[in-house]
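First the structure, in the form of structure tokens, and then the observations on it.
The values are calculated or read from the model by the stated rules, or taken from the named source; none is laboratory data. Because the structure is predicted, anything quoted here is derived from the model rather than measured. Cβ atoms come from the backbone with ideal geometry, glycine included; neighbour counts cover every protein chain shown. The protein model used for the area step is the full one, side chains on, heavy atoms only, and it has no ligands, DNA or RNA in it. Shrake-Rupley method; radii C 1.70, N 1.55, O 1.52, S 1.80 Å.
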Amino acid sequence: MSNVHRHAVEVVPDAASLATRAAEWLIEQIAHAVQRRGRAVIALSGGSTPKAVFARLAQHPWRDRIEWNALHLVWGDERFVAEGDPASNARMTREALLDHVDVPASHVYPIPGDAGGATDEAFERAHVSAELYATTLHALNGGDRLHDDKPLFDVVMLGLGEDGHTASLFPGTLALDERDAWVVPVRTDNATAPIRITLTYPVLESTHALLFLVSGKAKRAIAQRVLGGDESLPAARIQPVGGMLWILDQDAAAG
Ligand code: 6PG
């Protein structure tokens with residue numbers, strides 16, 4: 001069903017060519033999605049690698065090749081912080097991309113956060129935020145359950161953490177086993193780090209195409225393990241219903 005090969009791995013020379021290649025690929029996927037169903041529903045990722053891709057998309061000539069008003073943008077994960085917080089993925093995306101192009105505000109769905117810190121009370125509120133976001137995603141899916149032959153997303157973008165996490169699916173957390181809830185709050189090992197909110201596997205996997213972006217020497221060892229299929233690592237367990245493309249730069253791929 002997908003116009004992406006089931007699993008493909010591409011290696012490009014450096015971080016700049018990774019951003020360019022990812023931008024080109026996204027432009028193609030968006031065009032296919034708009035042709036297929038009149039819109040492109042994309043789950044974005046945080047992190048430094050997507051930021052460089054967003055910066056490309058916001059520039060000529062790439063920006064002129066996208067039907068921006070056909071995009072619907074959600075986030076695969078978020079830190080449970082206020083929307084203006086420097087750690088917010090939504091803020092990063094706004095600054096790198098959305099401030100420079102014309103995506104209708106009603107097509108942008110940030111994960112609700114607040115400035116409440118990492119307390120138990122904040123975790124409760126993160127739970128409510130996760131449920132609210134699941135309702136948003138259900139509505140985007142026409143109120144329907146997830147169907148393999150009619151995925152929720154056209155594209156899901158993901159990054160790879162040095163510990164093998166992706167989105168906010170961290171090793172050893174309950175979120176990894178969640179099959180019912182579409183969105184859950186997550187506490188990481190670091191008690192002072194913000195609570196995270198993440199889409200769960202069944203939802204991230206409900207995509208026509210999935211893009212993994214990996215850049216830099218620090219990711220080399222973990223990328224090798226994930227691509228080698230070490231299923232103890234959260235990133236290695238993603239099985240999208242559509243195709244999956246990995247783009248690595250030479251630093252991340254060497255060896
Ligand atoms: C985030 C994402 C996280 C990220 C990886 C890779 O919001 O940070 O949750 O999964 O994609 O940690 O990040 P880099 O692209 O910065 O290496």
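For the range 7-253, what does the relative contact order come out to in percent, with C-alpha contacts under 8 Å and a separation of six or more? Display every interim value, and only then the final one.
Details: 499 pairs, mean separation 61.3, N = 247.
Reported relative contact order: 25 percent.
Starting from the coordinates of the alpha-carbon atoms of the range 1-89, obtain the Kirkwood hydrodynamic radius over all distinct pairs and give the value in Å to one decimal.
It works out to 14.5 Å.
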Distance from the range 218-255 to the range 99-133 (C-alpha centre basis), Å: 28 Å
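Give me the dipole magnitude in Debye, nearest 20, for the range 7-253 about the Cα centre, with unit charges on the beta carbon: positive for Lys and Arg, negative for Asp and Glu. Each step should come with its number before you reach the end.
Values: 22 positive and 33 negative charges, 99 e Å.
Here the range 7-253 has a charge dipole of around 480 debye.
Leaving out ligands and nucleic acids, note down the accessible area per residue over the chain with a 1.4 angstrom probe, in whole Å².
On the way: 11120 Å² over 255 residues.
Ligands and nucleic acids excluded, the result is 44 Å² per residue.
Take the alpha carbon gyration tensor of the range 7-253, find the square roots of its eigenvalues, order them as a ≥ b ≥ c, and report rounded if a/c is under 1.5; if not, report prolate when a/b exceeds b/c, else oblate.
It comes out rounded by the Cα gyration axes.
Which shape class, rounded, prolate or oblate, goes with the range 154-255 when its Cα gyration tensor gives a ≥ b ≥ c as root eigenvalues, a/c under 1.5 marks rounded, and past that a/b bigger than b/c marks prolate?
Values: a/c = 1.92, a/b = 1.21, b/c = 1.58.
Oblate shape, in that a/c is at least 1.5 and b/c is the bigger or equal ratio.
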How are the alpha carbon pair distances in the range 115-203 distributed across 5 Å bins from zero to the largest one, expressed in percent? 3, 13, 21, 24, 19, 12, 6, 2, 0
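Given a 1.4 angstrom probe, I'd like the percentage of the accessible area of the chain that is carbon and sulfur, rounded to a whole number.
Numbers: 5660 of 11120 Å².
For the chain, the apolar C and S fraction of the accessible surface comes to 51 percent.
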Point-to-point label distance, ARG6-ASN69, nm (Cα→Cβ direction, 7 Å offset): 4.1 nm
Between ASP163 and ASN190, with labels modelled 7 Å along Cα→Cβ, what's the label distance in nm to one decimal, could you check? 0.9 nm
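With a 10 Å radius around each residue's Cβ, average the other Cβ atoms per peptide and rank 111-117, 185-191, highest first.
Details: 111-117: 18.1, 185-191: 15.7.
The most tightly packed comes first, giving 111-117, 185-191.
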Can you work out the FRET efficiency for the pair GLN250 and ASP99, with r the C-beta to C-beta distance and R0 = 30 Å, to the nearest 0.05? 0.45
Please turn the phi angles of the range 100-107 into ³J(HN,Hα) values with the Karplus equation 6.51 cos²θ - 1.76 cosθ + 1.60 (θ = phi - 60°), one per residue in order, whole Hz, x for glycine and proline. 10, 9, 10, 8, x, 4, 6, 9
Could you work out how far apart the two model spin labels at LEU176 and ARG225 are, taking each label as a point 7 Å from the Cα in the direction of the beta carbon, and quote it in nm? 1.0 nm
Antiparallel DSSP beta bridges within the chain, percent to nearest 5: 25 percent
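Could you order LYS150, LYS51 by accessible surface area, starting with the largest, using a probe radius of 1.4 Å? Intermediate values should be presented prior to the final figure.
Values: LYS150 125, LYS51 105 Å².
Largest to smallest exposure gives the sequence LYS150, LYS51.
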Once all Cα-Cα distances of the range 126-173 are split into 10 Å bins that start at 0, what whole-number percent is in each one? 21, 36, 39, 4
Return the sequence-ordered ³J(HN,Hα) values of the range 163-178 in whole Hz as given by the Karplus equation 6.51 cos²θ - 1.76 cosθ + 1.60 applied to θ = phi - 60°, using x for Gly and Pro. 8, x, 6, 9, 6, 10, 9, 9, x, x, 9, 4, 4, 5, 9, 6
At R0 = 25 Å, how high is the FRET efficiency between HIS138 and ALA31 if r is their beta carbon distance? Nearest 0.05 is fine. 0.40
